[in-house]
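The values are calculated or read from the model by the stated rules, or taken from the named source; none is laboratory data. Quantities reported herein were computed from a predicted structural model and do not represent experimental measurements. Every residue, glycine among them, receives a Cβ derived from its backbone with ideal geometry; neighbour counts consider all protein chains shown.
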Amino acid sequence: MLRQRQAAGTVAVIAHQRKSLGGGLDELRRLLADEGVDKLLWYEVPKSKKAPKRARRALKEGAELVLVWGGDGMVQRCVDALAGSDVPMGIIPAGTANLFARNLGVPEDLPEAVRIAFHGESRKLDLGKVNGEHFAVMAGVGFDAEMIKDADRGLKDRLGRAAYVWTGLRHVRGELVRMEVKLDGVTWFEGEASCLLLGNVGTITGGIEAFDDARPDDGWLEIGVTTAKGPIQWARVLGRMSAGRSDESPFVRMTRARKVAVKLGAPMTYELDGGAKDTVTELKAKVVPGGITVRVPFPQTSAEVLLTSEERPAVEPA
């Protein structure tokens, strides 16, 4: 006799139609049926900017769990709508970079991502908020945002993660821009810079460990300003980042704060979680402690870490 799972209540799926993982949305439906979903709210969108409306509708219709199918841009749009609701979100990482999922340990494996969404730990995580919109991973202005804006022009669909490398090479010769950065009301940086980053987690675009000590539940935003110009200086910066020593670069300043105010000497594009936004001359950002509840893997115990599948003793035949 098969043991049936307990009904999972009302579950909403908000899916980007152009993203794929495993057996696709058909497999997702089968996995949800196996979880005993009582009521399924299903929303498919052709682009991520249509997701917030569906997320708000899911809340109104009583969703007890919201599954987001897509990449970081899709997750960011849904996070902005779900922030402060206390309804847990499960991530199905079907995008290009999936940075938020990777930072949280959610794998690009459909059955395992679904298992975590239903049976993982509900963890309250911080969010950042820039010019009124929430983000989960990072925000940036300058080199980073220009690189992402170019990658968004169809390159990500054709090249995947390599699109960021390709467009990054095109922007390393970019001009420096005058910036004034105030942290918690005090001027911290004033001068010419090529890039400003705000981080909620450690690993950012391209899989680079930009903020070595970042945690998404510490009540702080990580701040980084880069003054690098030209291929040689940028190579040195990226080399230090790849080695996990970002703060040792002579072209980087890093700290943390709760509120950030930025004035730019020229209009620049900014980005949130890998999605290019408007051109601005000012940014106002702050941390939102515990702003979103996300289902994540339970921490491994010491015994589980030590006793991997390769280390487990073989069972001797009787």
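The table for this structure:
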quantity	calculated
Unique match (being in contact with a Cys (Cβ under 8 Å, 6 or more places away or on another chain), surrounded by 20 or more Cβ atoms within 10 Å (Cβ to Cβ), in a helix (DSSP H, G or I) and hydrophobic (A, V, I, L, M, F, W, C)) among ALA55, ALA117	ALA55
Residue count, the range 18-52 (criterion: in a loop (DSSP other than H, G, I, E, B), in contact with a Leu (Cβ under 8 Å, 6 or more places away or on another chain) and surrounded by fewer than 15 Cβ atoms within 10 Å (Cβ to Cβ))	1
Output for the range 58-79, where each listed residue is surrounded by 20 or more Cβ atoms within 10 Å (Cβ to Cβ) and of a type outside the set (A, V, I, L, M, F, W, C)	GLY70, GLY71, ASP72, GLY73, GLN76, ARG77
Qualifying residue in the range 213-232 (condition: assigned to a loop (DSSP other than H, G, I, E, B), hydroxyl-bearing (Ser, Thr, Tyr) and modelled with pLDDT under 60)	no
Failed condition for ALA257, given (1) at pLDDT 70 or above; (2) more than 23 Å from ALA210 (Cα to Cα)	(2)
Members of the range 48-66 found to be in contact (Cβ under 8 Å) with a residue 40 or more places away in the chain and under 23 Å from MET138 (Cβ atoms), listed by number	SER48, ALA55, VAL66
Filter result for GLY62 (small (Gly, Ala, Ser), modelled with pLDDT under 95 and farther than 29 Å from VAL262 by Cα)	no
